[in-house]
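The values are calculated or read from the model by the stated rules, or taken from the named source; none is laboratory data. As the structure is a prediction and not an experimental result, all values here were calculated from the model. With ideal geometry, Cβ positions are generated from the backbone for all residues, glycine too; neighbour counts draw on all protein chains shown.
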Amino acid sequence: MREGLGSRDWLVYAQNRDYAEAVLAWRRGRLVDSIAGLRAVAARLREMRAGIYLGDVLFDLAAVAAESGEAAVAREAADELEALARRLARDRYRGLAATASAWASFVGADKKGAARSAGLAVELLSGTGCISAEARALDILGRSLAGADRPGSMRALEQAVSRFDAAGAGWRRDRSLEALRALGGSARRRAAALTGPLTLSRREREVAGWRPAAGAPARSRRGCSSVSGRRSPTSPGLTPSSRRLPEWTWYGGPGSSGCDGGISAESSAGTDSGAAPP
């Protein structure tokens, strides 16, 4: 896209390109670059009065700022998105704004406030068909409940994993799985049930009742098939096995026609397709 557009600023395509690059920087761990890129895109869309496109950028800006510990930036983005959602008057934008507010509260050490906002976001987004956005609301809900309501945290994170799987959002699914495993104990075993048992210790596999399937190839200590030598994240050689839905690379996944408006860098760059970044 950069080669095709050159220095031209045609409609919002240049902003969509820069947005995708900022999200890729986020995924590659360059959080400072990601924040700078998202803020630049937001500023240009603001100048263009392109509010319908600005919402998604502010949504990601709040999340990456929270991840970076930039509480003021996260809150600023969340407040602007809330004001925008009031003007646009659509559940999708209200849900994005509530999720952004949850992240801002979370990084500001207000876990109760984060849980309230995240719960509202899940309620608003559940009827829009925006599977990936709903999953992101469930993810921050699970993280916010971790210290006060462990069962509720587990349920929210499991649902986030399921929604991300349906949307083909592999990177985000794996992050929710990491948060689920971090709860320890039964949550770690639940995470293994969603991805396969190789994440468990030998003793935990025995307790959970996992056994090699008849005729399955032997596996090394590192979880690789002795036949192919490649790691199998879904562990097809063990039972019970989990089957994932096809990996879709566009925003929201199949059956998301109710997801209205906006742009998403994930749809442009395919950053949530599950493929590893270069």
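Here are the numbers:
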| quantity | calculated |
| --- | --- |
| Check on residue 95, buried (at least 24 other Cβ atoms within 10 Å of the Cβ), free of Cβ contacts under 8 Å to residues at least 60 places away in the same chain, assigned to a helix (DSSP H, G or I) and not aliphatic (A, V, I, L, M) | yes |
| Residue list for segment 103-122, filter: among the charged types (D, E, K, R) and in contact (Cβ under 8 Å) with a residue 24 or more places away in the chain | 111, 112 |
| Residue check, residue 168 modelled with pLDDT under 95 and in contact with a Pro (Cβ under 8 Å, 6 or more places away or on another chain) | yes |
| Only one of 56, 79, 165, 91 that is acidic (Asp, Glu) and closer than 22 Å to residue 179 by Cβ | 165 |
| Some residue of segment 46-61 being closer than 18 Å to residue 108 by Cα and of a type in the set (Phe, Trp, Tyr) | yes |
| Search result, residues across segment 54-79 that are surrounded by fewer than 20 Cβ atoms within 10 Å (Cβ to Cβ) and in a helix (DSSP H, G or I) | 67, 68, 71, 72, 76, 79 |
| Residues satisfying the stated conditions in segment 19-50, i.e. closer than 22 Å to residue 84 by Cα and either out of contact with any helix residue (DSSP H, G or I) (no Cβ under 8 Å at 6 or more places or on another chain) or surrounded by fewer than 20 Cβ atoms within 10 Å (Cβ to Cβ) (or both) | 36, 39, 40, 43, 44, 46, 47, 48, 49, 50 |
| Segment 11-53, subset charged (D, E, K, R) and assigned to a loop (DSSP other than H, G, I, E, B), residue nearest to the chain's Cα centre (by Cα) | 28 |
